[in-house]
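Trainee: Starting off with a structure, shown below.
The values are calculated or read from the model by the stated rules, or taken from the named source; none is laboratory data. Values in this document were obtained by computation on a predicted structure and should not be read as measured data. Cβ sites come from the backbone with ideal geometry, for glycine too, and all protein chains shown count toward neighbours. The area values use the complete protein model at the heavy-atom level, side chains included, leaving out ligands, DNA and RNA. Shrake-Rupley method; radii C 1.70, N 1.55, O 1.52, S 1.80 Å.
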Amino acid sequence: MPQKLKHLLSTQSLKKSEIEEILALAKEMEPYAKKEKQGNQMKGKILAALFYEPSTRTRLSFETAMLRLGGETLSVTDVNTSSITKGESLIDTAKVISQFADIVAIRHSQNGAVNEFSKGSSVPTVNAGDGTSQHPSQALLDAYTIQKELGKIDGLTIAISGDLKYGRTPSSLAFLLSNYNIKFRFISPKELKMKPEVITHLNRLKTPYEQTQNFEKGMKDVDVLYMTRIQRERFENFKEYERLKNVYVLTKKIVLKNNPKMIIMHPLPRVNEIATDVDELKNAVYFRQVENGIAVRMAIILTRFL
Ligand code: NCD
């Protein structure tokens, strides 16, 4: 067991050197992620994947990463079958799970729940998404994808569009990329603007950003357009969701008209915010993000034990 537990709870807590270490290691992990090689670096170790909120790709991505490193996995995917429904605290759950597993990837619908869990955990805890707050492994794989596709991160202009209020990927990514020399453009309806804590952080760092509601203007001259879905499950008022759900829909025609060169990213799942004709474009990289996610999660797992 390492002296100090290396949890991964948020992107704000990552130093630039740690980000770079993970991105470099992910590159080395690509042959394993692509099944060209089978690893044994995690032989004898168990990852517990605790998903108290729906997920397919993130859980399978963490599990695949562990298996391709020669480790094993345990998972909880249904909150109704866990002791949390009996009223057990997350700290107690963490104390128990730490006896079974060597590392935990946990997703929870409440902001702060993963932090709470980490207090009781005696093994490294990786936040796989908590409420509207954080999704650090996604932000790392997003940064890795940008670097891989465009050859650099410094000097780029990145538009993040969609549900910037309830989405956890936009804020996690903005915090992470604020370690680089980046210009941001946040495109959202006024009801779903970027979270105040991100804006305060960028102001403090003097990182340039613009906020706009105009989708087509917002994507002009950017290097990256990061699309997100409107987070239906987080709206208190369903009518408000219905009103906003089609606010921005990217089509091939819109890309070709406004910015045919930018790369188009999305954490997935997409609903209707990217038309399927965009998939034909070679700069639509969202399915490549999924592939990169395995290598990045391998690097995240490995660095917890260094
Ligand atoms: C994201 C999430 O769960 O926050 N999905 C993912 O992990 N790939 C984005 C989303 O659900 O919209």
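Trainee: Here are some residues: T56, T64, T73. Which one is among the hydroxyl-bearing types (S, T, Y) and either under 27 Å from R234 (Cβ atoms) or modelled with pLDDT under 95 (or both)? Give the steps one after another, and end with the answer.
Mentor: Working: T64 fails: either under 27 Å from R234 (Cβ atoms) or modelled with pLDDT under 95 (or both); T73 fails: either under 27 Å from R234 (Cβ atoms) or modelled with pLDDT under 95 (or both).
After applying the criteria, what remains is T56.
Trainee: Please determine whether any residue of region 39-47 is surrounded by fewer than 21 Cβ atoms within 10 Å (Cβ to Cβ) and touching an Asp or Glu at 6+ places or on another chain (Cβ under 6 Å). Give the steps one after another, and end with the answer.
Mentor: Taking region 39-47 as the starting set, the residues that turn out to be surrounded by fewer than 21 Cβ atoms within 10 Å (Cβ to Cβ) are 39-41, 43-46.
Filter once more, so that each one left must be touching an Asp or Glu at 6+ places or on another chain (Cβ under 6 Å): 45-46.
Looking through region 39-47, at least one residue is surrounded by fewer than 21 Cβ atoms within 10 Å (Cβ to Cβ) and touching an Asp or Glu at 6+ places or on another chain (Cβ under 6 Å).
Trainee: I22 is checked against (1) more than 22 Å from F287 (Cα to Cα); (2) away from the ligand (no atom under 16 Å from the Cβ); (3) of a type in the set (V, I, T) and fails just one. What number does that condition carry?
Mentor: Single failed check for I22: (1).
Trainee: Looking at region 76-93, I want the residues that are closer than 15 Å to E53 by Cα and open to solvent by 70 Å² or more (accessible area, probe 1.4 Å) and have a partner that is modelled with pLDDT under 70 and not in a strand (DSSP E or B) with Cβ atoms under 7 Å, at least 6 apart or on another chain. Which pairs are those?
Mentor: T85/V79
Trainee: Would you point out which residue out of E30, E72, E21 is of a type in the set (D, E), under 22 Å from S171 (Cα atoms) and touching a residue at least 24 places away in the same chain (Cβ under 8 Å)?
Mentor: The match here is E21.
Trainee: Within region 2-23, can one find any residue that is exposed (fewer than 11 other Cβ atoms within 10 Å of the Cβ), not in a helix (DSSP H, G or I) and not basic (K, R)?
Mentor: yes
Trainee: Quick check on V198: is it in a helix (DSSP H, G or I), at pLDDT 95 or above and among the aliphatic types (A, V, I, L, M)?
Mentor: Details: in a helix (DSSP H, G or I): yes; at pLDDT 95 or above: yes; among the aliphatic types (A, V, I, L, M): yes.
So V198 fits the description; yes.
Trainee: Conditions: (1) more than 16 Å from the ligand (Cβ to nearest atom); (2) closer than 26 Å to M66 by Cβ. D277 meets all but one. Number of the miss?
Mentor: (2)
Trainee: Within region 49-58, restricting attention to residues that are outside any loop (DSSP other than H, G, I, E, B) and near the ligand (Cβ under 9 Å from one of its atoms), which residue is surrounded by the fewest Cβ atoms within 10 Å (Cβ to Cβ)? Please lay out each step first, then the result.
Mentor: Kept after step one, since they are outside any loop (DSSP other than H, G, I, E, B), are these residues of region 49-58: 49-51, 57-58.
Still in the running and near the ligand (Cβ under 9 Å from one of its atoms): 57-58.
Numbers: R57: 15, T58: 25.
Across region 49-58, the extreme among qualifying residues is R57.
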